[in-house]
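The values are calculated or read from the model by the stated rules, or taken from the named source; none is laboratory data. All figures in this text were calculated on a predicted structure; none of them were measured in a lab. Cβ sites come from the backbone with ideal geometry, for glycine too, and all protein chains shown count toward neighbours. When the accessible area is computed, the model is the full protein with side chains, heavy atoms only, and any ligands, DNA or RNA have been set aside. Shrake-Rupley method; radii C 1.70, N 1.55, O 1.52, S 1.80 Å.
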Amino acid sequence: MGLVKVKGIVSSWKRRFSAARSLPWQDHWTARAAMVSFNLQWVGPKSTVLVGDSILEMVPHQALEGLNIVNAGFGGAKTANVYASVRSPVVMAALNANPPAKAIIQAGTNDSTTGTNPIAVAEQTMAICSLFRKIGSLPVVFAIPPIEEKKTASRSASMADAINEATRSASVKNAVTFTDPYASLRNSEDVTQDGIHLSHKAVATLVEAIRAVA
């Protein structure tokens, strides 16, 4: 598919994404949503979709070789933005036409700022799970990675922990599988490159968890 044709698809679909107006980096989200919708046309009943923010979007596709994966992560997304992206007409239509077997959901890192209500974040994650359950997909929730405050002032480590605990509790209540891919790394250093985004070692650990589910 040529660049001009892709730009044309993005331009025409941009008008159809009502959720985009409330999202950060609208053009990036629109392009990602268009590509996700297109890629969903090629997946089969044994596929897995990755749903979340840049932590998932940045997983190298080479690391997922051999898996039937659609990476639907997009950078800058809060949990509410992730919900809006899945629920948008074009993405939901693609999901209904080709439901994945499983959805790995990891959202909340961009919510981990002072003043956030962790219970509200957890409830939003459960709402995302409900969208996938309605189309017959099995949701699996991943804990968000630790925040290293010595490297960033834009996120709160204690809030990230609170979001994980609230999400774990909500998952148990709603009979959703919850797993912590980063459990072995939580007491170590250099889990991230910049306080938020994963180091090479942490990405490898995340990939192992994805492979175990997918």
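Set the bar at 24 Å for Cα to Cα. Now go through K78/K134; K173/K201; K102/K150; K151/K173; K78/K150; K102/K173 and name every pair that lies beyond it.
Pairs exceeding 24 Å: K173/K201; K102/K150; K151/K173.
Quick one: 3J(HN,Hα) in Hz for segment 81-98, Karplus 6.51/-1.76/1.60 with θ = phi - 60°, rounded, Gly and Pro as x.
The phi angles translate into 5, 4, 4, 4, 5, 5, 7, 4, x, 6, 5, 5, 5, 5, 5, 5, 6, 9 Hz.
Of all DSSP beta bridges located in the chain, what percent are antiparallel, nearest 5?
Among the beta bridges of the chain, antiparallel pairing accounts for roughly 5 percent.
M58 accessible area, nearest 10 Å², 1.4 Å probe?
110 Å²
Test of understanding: given the chain, find the longest segment containing no GluC sites (Glu not before Pro) that are in a DSSP loop and have at most 14 other Cβ atoms within 10 Å.
66-148
Evaluate the Kirkwood expression for the hydrodynamic radius of the chain, namely the inverse of the mean inverse distance over all pairs of different C-alpha atoms, and round to one decimal in Å.
The answer is 17.3 Å.
Sequence-distant or interchain residues sharing an amide H contact under 5 Å with V70, placed H: which?
Correct list: T48, V49, L50.
Using all Cα-Cα distances in segment 101-156, what percent lands in each 5 angstrom bin from 0 up to the longest?
Pairs per bin, as whole percents: 4, 18, 24, 20, 14, 10, 6, 3, 0.
Which value, in Å², gives the accessible area per residue of the chain when a 1.4 Å probe is used on the protein heavy atoms?
48 Å²
What percentage of the solvent-accessible surface of the chain, computed with a 1.4 Å probe over protein heavy atoms, is contributed by carbon and sulfur atoms?
Whole-percent figure for carbon plus sulfur exposure: 54.
Quick check on segment 147-209: what does the Kirkwood estimate of hydrodynamic radius come out to from the alpha carbon pairs, in Å?
12.7 Å
Determine the relative contact order of the chain: mean sequence separation of Cα pairs under 8 Å and six or more apart, normalised by residue count, in whole percent.
19 percent
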